[in-house]
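First up is the structure itself, then whatever we jot down about it.
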Amino acid sequence: MSLYSALGDLTSSSEDPWPKAKAEMRRAIQRYTTDFDTWNDMLETTNTAENEKFMPLMRSLKKQYKGLSGALTQLSKSLAQVRANPSEYPEISPNELAERDGWISSTKTTIDDYRKKMTSEHVKNRVASDKQKKKDKETETPLEKAGRQYNDELLGGHQRQQHVERDVQDNIMDDMLHTLKRLNVHGNLISVELEEQSRMMDDIDEEMDQADSTLRTLTGRLDQLLGHSENKKIALIVLLVIVLVVMVYFMF
């Protein structure tokens, strides 16, 4: 299968094929998703029996699903080799292996959901109903045709309005999601800033404690120097005042 040429036996090359295989799978899934959205829009807004693109696109989706499902199975087998022989793949850690398993599982769930939608009773009933409507159109009278066209126009207008409202709701949800992401980023920044401020306050408290300890030490030494004599304390104060007066005198 050339579309998934990157998928191969991990033992066949010294280079890990996972990045390339995953990239190819992402591109294939993107195409599958885009085609499914187009198909689903046709299902909900057109007569599937009259829409010439509906059935070919549905067949293409089934073929794409088969290819994607087979590719995911091949990837799972490759990872099983790694799991069974971890010593041969030291560059793939257990966490990396678990992440790859998770990606395969979530991707398989996504494409399976699309497949279930295409094979659901709702789709089968809708296709059958559209076929009957097409058949009825071929045998209807002019009056019946006029009534049907009127009803189709009303129904089409209602469906278009629903699509517009759904698009508006999707845009609102996208804006809300982006806003929540920005708020989360701002919250993280504020948290970091608060932690930084807290560390700065702790540093200031530590410096204040050191200054207080130094001041207590100097005070204790000064008390030891002067002893308990009041005369010595007074004499020191007088001496400091004289020194201050002399300094002021020479300054001016």
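The values are calculated or read from the model by the stated rules, or taken from the named source; none is laboratory data. Worth saying up front: this structure is predicted, and the values here are computed from it rather than measured. Cβ sites come from the backbone with ideal geometry, for glycine too, and all protein chains shown count toward neighbours.
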Problem - segment 44-69: number of residues that are free of Cβ contacts under 8 Å to residues at least 60 places away in the same chain and among the aliphatic types (A, V, I, L, M) - result: 4
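Within segment 51-104, work out how many residues are within 24 Å of ASN40 (Cβ to Cβ), part of a helix (DSSP H, G or I) and not hydrophobic (A, V, I, L, M, F, W, C).
Restricting attention to segment 51-104, the residues satisfying the condition of being within 24 Å of ASN40 (Cβ to Cβ) are 51-72.
Pick out the ones that are also part of a helix (DSSP H, G or I) and you get 54-72.
Imposing the further condition that a residue be not hydrophobic (A, V, I, L, M, F, W, C) reduces the set to 56, 59-60, 62-67, 69-70.
Within segment 51-104, residues that are within 24 Å of ASN40 (Cβ to Cβ), part of a helix (DSSP H, G or I) and not hydrophobic (A, V, I, L, M, F, W, C) number 11.
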Handout entry: Top-ranked residue in segment 119-162 [being of a type in the set (Ser, Thr, Tyr) and modelled with pLDDT under 90; ranked as farthest from the chain's Cα centre (by Cα)]
Key = THR141
Exercise for the section: Would you check which residues across segment 46-65 are over 14 Å from PHE36 (Cα atoms) and not aliphatic (A, V, I, L, M) and list them? Expected result: THR46, ASN47, THR48, GLU50, ASN51, GLU52
